[in-house]
Amino acid sequence: MQTALSELETTYFTLQAKIGMLLAACTTQGQRDALTTQYVAARSAYWSCVNKAFHDDDPAVVALTTQLDTSNKQLKTDVTQLGNINTTINNITQVVTIGASLAAKVIAL
Amino acid sequence: MPNARVATPRARRRAIAASVLLACLFFAGGCKTSDDAAAAATQLTATAKSLTDYYSALDTILAQTDQLNAVQVVLYGIPYDDATKAQITDTRAEIQKRAALAKDLTDLAQNFAKLTGSTASTDASASAVQLETEVESLKLTKSKMGSDEQNLMKIAVGLVVTAIQEHKEREAAQGISKFTTALNGFFTKEAPDYISLNDDYRSISSSLAKSLLQNGQTDPSSFFKVALDPYGLTPEVTDSKLRKDIEKLAEAQVDQTSADLQKSQQDATDSMEKSLKQMADRIVLVANDKPMQARTAPVTLADVEKWASQFTTSTQSTATTTPAKTPASPAKTATKTK
């Protein structure tokens, strides 16, 4: 299993690598706003945790890290295949939400 | 010594620390200026200089990351929120503290190497006091893990001070060896964060570069300079198919350069860890009056210098600049790309 930081990296870097293509796939300003909101949240989670101590042995952190690991694998597939943009944004939102929970847990420890 | 009588305990401690740190390497092993101690001082200088360059390169990377986030505002309309900007600024300040600590250690080691007797120079005293200040100012990125090493560094300085007060030069040298060992541990614990900072920089810069390429916002003609420059000709690419072909080549080049940057930093980080360990091990030998076999600078420092040199020019031009200015809010229509 990866560490909490590396999973947050994966979420953020996966979006970062494809953000131009994802934005280009958006057809409405609402979709673009939703996407950039999730991107900013993923980036914020990453930077919030860079300076914090990571307690990877905490059960809650381990559980969230495992959950994020699974979601990140799906995220990579979603942004590469790029099917329905609304579905993709929804999936991104779920992954980023897990990442935000992990970041909050880590920061609180 | 009237001044000594009125000095505060802290001032006296610092003054003693200065003379200690100057003397400990040269008087290790029973008050003699040994060749091994002089060689150790020279090697410590080289290692500390590379550590300074390593942190300076990271500082440049963070400065450029700040600017790249500002570019994203313009190119994609992605807001650069104040919280993230503050996190990057704070992280950069911490890296600068580490660079300052490494610079102080370099200055101190250089002054060790210059000394031939027991008289402490003013410069060396100032370096020692500054080093103590830098150790105390570190805010740890991994408070639980890194505090051990920071405490060890503080304790090591304390040991050196106590030892010199009691004229125990060998113990003073052992204090310095503890300091370098703790510094090595400190660097190793934080190394994954250093790698991550570079990965973020690589990821965002390569993503932006490829996006600009794919949207025809770059001039690919420079690819032909190698063929035309010798003949004084200037490229002017007008054929759209040729431009597309070059752009594909350029995208591959972006990926390759990014991968090279990743590998070179990983190599530099590994080498820095090895060099710090080598240095600590050598000082331990000197501190325990054992012969030191290797007297050259650790060979692995070349990897560190090679990686850090990629950011030298940028350091001079960007390290002192203020954080990137960003629009208060991105233009909603600025995000549309092809």
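Can you give the accessible area buried between chains B and A, summed over both chains, with a 1.4 Å probe, in Å² to the nearest 100?
It comes to approximately 2600 Å² buried between B and A.
Shielding by partners for peptide B:240-249, expressed as the average number of C-beta atoms from other protein chains within 10 Å of each residue's C-beta, is 0.
Peptide packing: for B:38-45, B:54-61, the average count of neighbouring Cβ atoms within 10 Å per residue gives the ranking B:54-61, B:38-45, highest mean first. Across all Cα atoms of region B:211-282, the radius of gyration (one decimal) and Dmax (whole number) stand at 19.8, 62 Å.
In what sequence, largest accessible area first, do B:Phe186, A:Phe13, B:Phe223 appear using a 1.4 Å probe?
Largest accessible area first, the residues go B:Phe223, A:Phe13, B:Phe186.
Which distance in Å, rounded to a whole number, links the C-alpha centroids of region A:36-105 and region B:62-97? First find each Cα centre; the distance between them is then 20 Å. The convex hull defined by the C-alpha atoms of chain A has an orientation-averaged projected area of 6.1 nm².
Taking the average, over residues, of other Cβ atoms within 10 Å as the packing measure, peptides B:243-251, A:3-11, A:99-107 rank A:3-11, A:99-107, B:243-251 from highest down. Taking other residues whose beta carbon is less than 12 angstrom from the beta carbon of B:Asp281, and scoring Lys, Arg as +1 and Asp, Glu as -1, yields +4. Which pairs break 18 Å Cα to Cα here: B:Lys49/B:Lys189; A:Lys52/A:Lys105; B:Lys178/B:Lys290; B:Lys97/B:Lys274? Going by Cα-Cα distance, B:Lys49/B:Lys189; B:Lys97/B:Lys274 fall outside the 18 Å limit. Residues of region B:178-202 that bury at least 10 Å² of accessible area once all protein chains are present, compared with their chain alone (1.4 Å probe, heavy atoms only, ligands and nucleic acids left out), are B:Asp193, B:Ser196, B:Leu197, B:Asp199, B:Asp200.
The values are calculated or read from the model by the stated rules, or taken from the named source; none is laboratory data. In this text the structure is predicted, and so the values were computed from the model without any measurement. Here Cβ is always computed from backbone atoms with ideal geometry, including for glycine, and neighbour counts include all displayed protein chains. Ligands, DNA and RNA are stripped out before the accessible areas are found, and what is left, the full protein with its side chains, is counted by its heavy atoms. Shrake-Rupley method; radii C 1.70, N 1.55, O 1.52, S 1.80 Å.
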